[in-house]
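These notes are about the structure you will find just below.
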Amino acid sequence: MQQVDSAVTADLATEPHPLALALAAMPEVWRSLLIDHERDSYGRCAACRTSGTPGVPWPCTLRVAAEDARDLSDRAVSQSRSGVCEAS
Ligand SMILES: [Zn+2]
């Protein structure tokens, strides 16, 4: 009674960010985002802070998307290890 075909997306608690889906295919990009978009001592994103603005509360959108991309990537790796390949 399990819908295996739709389990990949239905299993997620929340819908992944469209940006995260795109980033998941680009590990170099989300890895550098995770490195750059760190929390500074004021609780704001160090990378999104630009001159003239106080900064963006951390985690910023890019940080969240990068973390989601990392999760999606980990999920894809574990699925391919278990022999399940949903990728088209
Ligand atoms: Zn940021």
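No value in this document is a laboratory result; all are computed from the given coordinates. Since the model is a prediction, treat every value here as computed from it, not as a measurement. When we count neighbours, we look across all protein chains shown, and the Cβ atoms used for this are built from the backbone with ideal geometry, even at glycine.
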Sequence-distant or interchain residues sharing an amide H contact under 5 Å with Arg44, placed H: which? Trp58
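To the nearest 0.05, how large is the calculated FRET efficiency for Val77 and Ala46 if R₀ is 25 Å and r is the Cβ-Cβ distance?
Working: r = 29 Å, r/R0 = 1.15.
After rounding to 0.05, the efficiency reads 0.30.
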Over the range 26-88, one equal point on each Cα, no solvent: what is log10 I(q)/I(0) by the Debye formula at q = 0.27 Å⁻¹? -1.06
Applied in sequence order to the range 53-60, the curve 6.51 cos²θ - 1.76 cosθ + 1.60 (Karplus, θ = phi - 60°) yields integer Hz couplings, x standing for Gly and Pro, of 10, x, x, 9, x, 8, x, 7
